[in-house]
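Right, one structure below, let's go through it.
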Amino acid sequence: MVLVTLGACGTAPSPTPQPIPVVTPSPRPDPHLSDPTTGNLVYSALIAAGLRVVGNAAITSVGGAEPRRRINATFDSWPLIIEEYSTSKALAAATKITPTSTPRPGDPPFAFAGLNIRIEFGPTTEDKIPTNVTEPTATAASDLAAALETIIGPIRQVAVAPVSLPTLAAPAASASPEAAPAGTAPPTP
């Protein structure tokens, strides 16, 4: 006895091709703050960038004196001062940071400026040019500069050991930094 199995004639329908998803890049928000900004926003943005900045005190000027606000903090066991000027022109007139500036007696080892904000990093001595920069401190200054370039860049610097600055796009639009972790609000006057 022969058993014959008959199958369906023809070919099976091919499956319907599924569309390939197209990934559309979404624009990243510009992390740069807009000019003028506040010292409090810069302080919060440094913390959001992962730097362990600890605020100690804040001072607000009286009668429109420049800088109009100063935040005294600590970063990597060194003093960190964030000065807020009313405008970038007021900052430029008061600090005169140029590409050829070098620290003078009484200056901190590192000073950075961008928008209407000036940041000093390190101790000052009235009669000497600072020279006590160790490798860990130079690394901390580099981390600080990289964060500042993203927040208020392009930045300018005056430093005993100039920090290599990343080349980033200039600020295009205003952006607010992420909220700082709980318990890290900037000091109030």
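The values are calculated or read from the model by the stated rules, or taken from the named source; none is laboratory data. All values reported here derive from a predicted model rather than from experimental measurement. Quick reminder, even Gly has a Cβ in these numbers, built from the backbone with ideal geometry, and neighbours come from all protein chains shown. When the accessible area is computed, the model is the full protein with side chains, heavy atoms only, and any ligands, DNA or RNA have been set aside. Shrake-Rupley method; radii C 1.70, N 1.55, O 1.52, S 1.80 Å.
General remarks:
- Within segment 97-117, the set of residues being open to solvent by 20 Å² or more (accessible area, probe 1.4 Å) and of a type in the set (S, T, N, Q) comprises Thr98, Thr100, Ser101, Thr102.
- Lone qualifier among Ala161, Ala147, Ala140, Ala111 - being part of a loop (DSSP other than H, G, I, E, B) and hydrophobic (A, V, I, L, M, F, W, C): Ala161
- Qualifying residue in segment 124-137 (condition: open to solvent by less than 30 Å² (accessible area, probe 1.4 Å) and either hydrophobic (A, V, I, L, M, F, W, C) or assigned to a helix (DSSP H, G or I) (or both)): yes
- In the condition set (1) under 14 Å from the mean Cα position of the chain (by Cα); (2) assigned to a helix (DSSP H, G or I), Ala92 is compliant with all but (1).
- Residue selected from segment 56-91 under the condition closer than 16 Å to Glu120 by Cβ and of a type in the set (Ser, Thr, Tyr), by the criterion surrounded by the fewest Cβ atoms within 10 Å (Cβ to Cβ): Ser77
- Segment 89-116, residues that are farther than 19 Å from Arg52 by Cα and hydrophobic (A, V, I, L, M, F, W, C): Ala90, Leu91, Ala92, Ala93, Ala94, Ile97, Ala113, Leu115
- Test: residue in segment 46-53 that is assigned to a loop (DSSP other than H, G, I, E, B), open to solvent by 90 Å² or more (accessible area, probe 1.4 Å), at pLDDT 95 or above and out of contact with any Leu (no Cβ under 8 Å at 6 or more places or on another chain): yes
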